[in-house]
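What follows draws every value from the coordinates through simple rules; no lab data is involved. Because the structure is a prediction, the values reported are computed rather than measured. Because the Cβ atoms are built from the backbone with ideal geometry, glycine has one as well, and the counts that use them run over all protein chains shown.
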Amino acid sequence: MILGNDTALGSGEVKLEKKVSLNSTIPLKLANTVWINEDLNVVGDHDLTLDGVISGPGSLSKFGMNHLMLNAANNYSGGTFFDDGIILLSNDT
């Protein structure tokens, strides 16, 4: 899934039932809460800020030279995997 603006996913909760790779054409800041059932892969060279809570049994993986900023008290249970770039956390959960 390639996103081109901060409101590309609307304003509600995003439910990801299957494995999804998330990329963007510009640096983005998304406010949505996200529920992941399988894998959410953040890829690419543009920075991504996720302000909403990430929850569910899935995992979060980060690939690419971009920065990924996680601002919420996330509670997904599948783990976090890191390949390249930087992950910034602004909440201790």
In the stretch 56-67, residue surrounded by the fewest Cβ atoms within 10 Å (Cβ to Cβ) [restricted to those that are within 11 Å of the chain's Cα centre (by Cα) and within 13 Å of V34 (Cβ to Cβ)]: S59
Restricting the stretch 35-55 to residues that are more than 15 Å from T80 (Cα to Cα) and of a type outside the set (S, T, N, Q), the residue that is surrounded by the most Cβ atoms within 10 Å (Cβ to Cβ): L48
Single match in K19, K29 (criterion: closer than 16 Å to T80 by Cβ and either surrounded by fewer than 18 Cβ atoms within 10 Å (Cβ to Cβ) or more than 11 Å from the chain's Cα centre (by Cα) (or both)): K19
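Which fully enclosed strands (runs of 3 or more DSSP E) of the chain have 2 or more residues being touching a strand residue (DSSP E or B) at 6+ places or on another chain (Cβ under 8 Å) and among the hydroxyl-bearing types (S, T, Y)?
Because the criterion is at least 2 residues that are touching a strand residue (DSSP E or B) at 6+ places or on another chain (Cβ under 8 Å) and among the hydroxyl-bearing types (S, T, Y), the strands (runs of 3 or more DSSP E) in the chain that meet it are 20-24, 59-62.
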Residue in the stretch 62-89 that is nearest to D51 (Cα to Cα), counting only those that are free of Cβ contacts under 8 Å to residues at least 24 places away in the same chain and polar (S, T, N, Q): N71
